[in-house]
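Read through the structure below, which is laid out as structure tokens, and then see the notes.
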Amino acid sequence: MRWTKMMINTLREDPGDAEIDSHKLLVRAGLVKKLAGGLYTFLPLGLRSLHKVERIVREEMDATGAQEILMPILQPAELWRQTGRWDTMGANMFRLTDRADHQMAMGPTAEEEVTDLMAGIVSSYRQLPVTVYQIQTKFRDETRPRFGLMRSKEFIMKDAYSFDVDAEAADKTYWTMYHAYERIFARCGLKATPVQADGGDMGDSMTHEFHALADAGEDGIAFCEGCGYAANLEKAQCRVDAAAGAPCPPAEEIHTPGAKTIAQVSSFMGVPGDAFVKSLVYVADGTPVMVCVPGDRDVNEVKVRRHLGAKTVALADYDTVLAATGANAGSVGPVRPADAKLRIVADQSLKGATGRIVGANRDDYHLKNVDLARDAVIADADYADLVTVREGDLCAQCGRPMTIRRGIEVGQVFKLGTKYTDAFKAVYKNDQLQERVMVMGCYGVGVTRTLQAVIEQSHDKDGIIWPASVAPFQVVIDLLDPEDEAVAGIAFDLEARLEAQGIDAVVDDRLERPGVKFKDADLIGFPVRVVVGAKGLAKGGVEVKGRAQPKEAMRLVAPDAAADAIRELLCA
Ligand SMILES: [Zn+2]
């Protein structure tokens with residue numbers, strides 16, 4: 001391919017809205033161009049890389065026996081009503097109404113659609129197991145699209161769905177997919193780590209997320225070097241040593257005028273934050289609930305929702321807090337709330353805690369010497385793991401301190417059980433001709449996100465450093481004297497030889513200064529650069545260098561030996 005025949009649009013300046021390196025580089029290297037917030041056009045170079053990621057995904061899915069299908073993006077609302085998700089998906093789902101007044105969704109995912117499909121096709125155990133997948137555009141009405149392809153309104157996903165005869169068979173499929181995902185990300189040159197995650201809206205059983213570790217990642221992940229435990233912060237648990245407090249004198253009210261936050265009360269009283277109990281009022285499925293955690297910890301709303309078995313959990317408004325406790329936020333606590341029926345739940349580390357300071361449920365007052373077992377009304381079963389793990393917390397499995405790192409979620413595997421197959425009566429007849437419900441799993445790869453995650457993990461100050469497997473071209477041939485026929489002949493001959501060996505190359509045949517060509521080659525990040533010029537040929541050859549190598553690694557090789565030298569670098 002000749003550079004001058006391709007639409008390659010590199011930029012010298014970072015885009016104004018880009019916050020992270022991979023977003024800047026995607027745009028500056030001319031891989032994508034922004035249409036509007038959260039919407040990007042793939043330009044020829046970017047599309048080449050995207051197709052390579054898709055090919056890897058396809059090959060690994062096919063290798064597991066999964067079969068490719070393509071389902072409509074537009075999905076009738078009736079499908080979503082059947083599982084209740086038409087309501088629970090909320091504002092994230094793009095919805096529209098056709099001219100006949102039928103409501104539709106622009107698919108953010110396709111569990112309903114695929115279960116409806118399979119319910120109509122599978123009737124016998126002989127047709128199982130079966131896994132189908134598609135590589136399809138998905139939609140999400142992001143509140144704040146950002147980070148380029150990471151959080152966009154439209155993105156490409158590979159979504160796969162498995163159907164098995166029972167939970168045991170579904171378990172096997174789950175791990176087959178898990179290992180296929182390890183291979184997909186490794187082949188894309190991505191360091192992706194599987195971590196335990198919360199099933200959230202999708203189902204209640206086991207799920208793993210695959211995260212590309214990167215400082216720019218939006219998700220926090222707790223790691224234990226000791227035993228290898230890894231979980232995202234929504235899910236991560238830690239070991240708790242029982243508080244086992246000493247007996248304390250009766251609780252005593254103290255005036256704390258104007259002190260609303262833990263930090264303010266703590267400095268007002270001159271005691272550390274962990275002496276306090278932080279109490280927050282939430283509304284869970286319409287009912288107020290007080291959640292108590294140690295003063296220096298954060299409430300984990302996912303854990304609260306899970307403990308309460310609620311669909312939604314959100315902080316209560318001003319009036320609700322006052323009605324439930326008798327005070328405004330800042331003075332509320334787990335002792336004598338105005339609403340005697342208010343359910344109070346507390347983090348497990350507070351069980352048996354004594355000598356704590358809590359809000360008095362009276363504006364501008366706190367209580368000290370609080371013994372939670374004696375003074376608060378918290379059922380034994382309502383002490384649960386409700387805090388977000390932080391750096392240094394002890395691993396729940398082995399007790400060693402954990403570290404917190406950042407990750408970009410690039411894939412997820414879920415065991416769905418029968419949540420969807422029940423809703424759609426997706427049944428089969430077993431060998432006794434008895435009806436059974438199929439057991440499901442679902443498996444997603446963010447294809448466009450994976451592409452950007454590769455860049456986030458692999459770049460330097462000059463540009464992208466593509467892994468050979470997903471680079472737009474594996475080789476750039478910088479032709480320094482395009483008007484010299486003999487020199488140009490050597491460059492194009494090398495390109496043809498590489499192509500014959502299945503190595504794609506682009507010849508930079510522009511009438512530009514060498515400096516401009518080198519800058520663009522580094523910015524776009526082709527894995528290998530070859531310089532073909534009259535000066536080098538006079539010295540006996542062409543210059544070959546890997547993008548990740550330092551300048552000194554540049555080798556002068558005879559034109560005939562160049563293809564071998566390039567192949568060596570690509571395989572390294
Ligand atoms: Zn551990």
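Data for the structure
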| read-out | value |
| --- | --- |
| Flag for K415 being at pLDDT 95 or above, in contact with a strand residue (DSSP E or B) (Cβ under 7 Å, 6 or more places away or on another chain) and of a type in the set (K, R) | no |
| Some residue of the range 231-246 being outside any loop (DSSP other than H, G, I, E, B), under 30 Å from S22 (Cβ atoms) and open to solvent by less than 80 Å² (accessible area, probe 1.4 Å) | yes |
| Filter pass, G333 being more than 16 Å from the ligand (Cβ to nearest atom) and closer than 30 Å to A396 by Cβ | yes |
| Near pairs, Cβ below 6 angstrom, 6+ apart or cross-chain, from the range 390-408 (within 17 Å of N300 (Cα to Cα) and outside any strand (DSSP E or B)) to any residue that is away from the ligand (no atom under 11 Å from the Cβ) and among the hydrophobic types (A, V, I, L, M, F, W, C) | E391/I404 |
| Failed criterion for F155 (all others in (1) of a type outside the set (V, I, T); (2) open to solvent by 60 Å² or more (accessible area, probe 1.4 Å); (3) not in a loop (DSSP other than H, G, I, E, B) hold) | (2) |
| Identity of the residue in the range 219-240, of a type in the set (D, E, K, R) and more than 16 Å from the ligand (Cβ to nearest atom), that ends up nearest to A353 (Cα to Cα) | E234 |
| Residue in the range 387-397 that is open to solvent by less than 30 Å² (accessible area, probe 1.4 Å), touching a Phe, Trp or Tyr at 6+ places or on another chain (Cβ under 7 Å), not polar (S, T, N, Q) and not assigned by TED's automatic domain parsing to the domain that holds V57 present | yes |
| Boolean, V304 is of a type in the set (A, V, I, L, M), in contact (Cβ under 8 Å) with a residue 12 or more places away in the chain and either open to solvent by 20 Å² or more (accessible area, probe 1.4 Å) or farther than 24 Å from A263 by Cβ (or both) | no |
| Any helices (runs of 4 or more DSSP H) falling wholly within the range 5-120 and containing at least 3 residues that are surrounded by 20 or more Cβ atoms within 10 Å (Cβ to Cβ), modelled with pLDDT of 95 or more and in contact with a strand residue (DSSP E or B) (Cβ under 9 Å, 6 or more places away or on another chain) | 21-28, 44-63 |
| Residues that are open to solvent by 70 Å² or more (accessible area, probe 1.4 Å) and over 26 Å from S469 (Cα atoms), drawn from the range 168-189 | E168, K172 |
| Any chance V277 is under 30 Å from the mean Cα position of the chain (by Cα) and in the same structural domain as G326 (by TED's automatic domain parsing) | no |
| Answer from D393, D380 - the residue that is of a type outside the set (G, A, S), at pLDDT below 95 and under 24 Å from A216 (Cα atoms) | D393 |
| Strands (runs of 3 or more DSSP E) fully within the range 458-572 counting 3 or more residues that are under 22 Å from L43 (Cα atoms) and not polar (S, T, N, Q) | 475-479, 505-508 |
| Only one of R555, R547 that is charged (D, E, K, R) and either open to solvent by 60 Å² or more (accessible area, probe 1.4 Å) or farther than 25 Å from A29 by Cα (or both) | R555 |
| Test set (1) under 16 Å from the mean Cα position of the chain (by Cα); (2) closer than 22 Å to T41 by Cα - D141 fails condition number | (1) |
| Tabulated pairs, the range 21-38, first at positive phi, second open to solvent by 10 Å² or more (accessible area, probe 1.4 Å), C-beta under 6 angstrom, 6+ apart or interchain | G30/I8; G30/N9; G30/T10; G30/L43; G38/E142; G38/P145; G38/K153 |
| Pick from the range 106-119, criterion under 19 Å from L416 (Cβ atoms) and among the hydrophobic types (A, V, I, L, M, F, W, C), ranking: nearest to the chain's Cα centre (by Cα) | A110 |
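Residues checked against (1) modelled with pLDDT under 90; (2) more than 16 Å from the ligand (Cβ to nearest atom); (3) part of a loop (DSSP other than H, G, I, E, B):
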{"residue": "D201", "(1), (2), (3)": "yes, yes, no"}
{"residue": "G217", "(1), (2), (3)": "no, yes, yes"}
{"residue": "F268", "(1), (2), (3)": "yes, yes, no"}
{"residue": "V291", "(1), (2), (3)": "no, yes, no"}
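The values are calculated or read from the model by the stated rules, or taken from the named source; none is laboratory data. Just so you know, these numbers come straight off a predicted model, no measurement behind them. Glycine also receives a Cβ, built like all others from the backbone with ideal geometry; neighbour counts cover every protein chain displayed. Side chains included, ligands, DNA and RNA excluded: accessible areas come from the protein's heavy atoms. Shrake-Rupley method; radii C 1.70, N 1.55, O 1.52, S 1.80 Å.
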